[in-house]
Amino acid sequence: MLPELLGEIIRRVEGSEDQWPHRRDVVSCACVSKKWREIAQEMVRSPVNSGKITFPSCLKLPGPREFSNQCLIKRNKKTSTFYLYLALTPSFTDKGKFLLAARRFRTGAYTEYIISLDADDFSQGSNAYVGKLRSDFLGTNFTVYDSQPPHNGAKPSNGKASRRFASKQISPQVPAGNFEVGHVSYKFNLLKSRGPRRMISTLRCPSSSPPPPSADQNPCGVVTKMMKKPNKDGSGLTILKNKAPRWHEHLQCWCLNFHGRVTVASVKNFQLAATVDQSQPGGKGDEETVLLQFGKVGDDTFTMDYRQPLSAFQAFAICLTSFGTKLACE
């Protein structure tokens, strides 16, 4: 097939189809050959511009600007495994498109969540490995690690906990290891007063800058995959804080407006908003715009809605911190 004709077909699918059953044809085209893959990547726009997830690399790019990507998290308590799906319908019972999986492991006094593209392979030496989450002894402080360098010149974190054993070197320019890209902390509730958990998250978010002028489209995962390198003053980091709920006298409970996306009351439910404007270091952000919300809709089903500047990988990692008992916070 002529490259021009193939490019026109992929461009039309990219521009008109929102749902995965049709968009998987784009992935099928990219799997035919290297040439077809290059054409497909040139046509597919990043999620920040299109709001669509096509390739695995899109999972580490910022979400949409004007709306949230709606996802579901399914939990399997027996295997301590969590599955992330992109919602294709408003129903909470439909799984949708599989995106990521995570499994909880106990390592001495610590807990780790290994995040993978493969629901059956959680080895850190696998090509499916995308990152991990590690908690402290109390389960109140978490560190997010990415399998890829967050910015040019980044070095893998030191220590046994951050190494990738038997990892496969994909490219000489991309070092193998775990790179620290964020932290999530839950505040102690020493007085055991009633109320929800309080949390704060500090992340290096993917760059949402527009593509170079010479590019007609932004190839997914080519340029904007690198994250912002924080400056010495801390700018370049995105700081998220949970929105404080209000006490409802009639219902006698703490309430947040989840706009129908959460149906079961749970201490795990939360909404995060930015506290720092990245364009103005030290300035206040839009604390009313929810960038990530997570809540329960069934015994083992939860919703996860995220938007720019967060990626699906980062949002999933933050939501994983909510699972598990936190005696020091409740």
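Every number here is computed from the coordinates shown, using simple stated rules; none is lab data. Since the model is a prediction, treat every value here as computed from it, not as a measurement. As a convention, Cβ positions derive from the backbone with ideal geometry for all residues, glycine included, and neighbour counts pool all protein chains shown.
Here are the numbers for this structure:
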quantity	calculated
Order by protection proxy (mean Cβ within 10 Å, highest first), peptides 102-108, 199-205	199-205, 102-108
Förster radius 30 Å - calculated FRET efficiency between residue 17 and residue 105, Cβ distance, rounded to 0.05	0.20
Exceeding the 21 Å Cα-Cα cut-off - candidates 52/268; 155/187; 132/243; 95/132; 74/97	52/268; 155/187; 132/243; 95/132
Rounded FRET efficiency, nearest 0.05, which uses the C-beta distance separating residue 259 from residue 66 and R0 of 22 Å	0.90
For peptides 110-118, 262-270, sequence by mean Cβ density within 10 Å, most packed first	110-118, 262-270
Restricting region 1-88 to GluC sites (Glu not before Pro) in coil, as DSSP defines it, with at most 14 other Cβ within 10 Å	66
Separation in nanometres of the label points that stand 7 Å from Cα toward Cβ, at residue 89 and residue 185	4.4
Segments 72-82, 178-188 sorted - mean Cβ within 10 Å per residue, highest first	178-188, 72-82
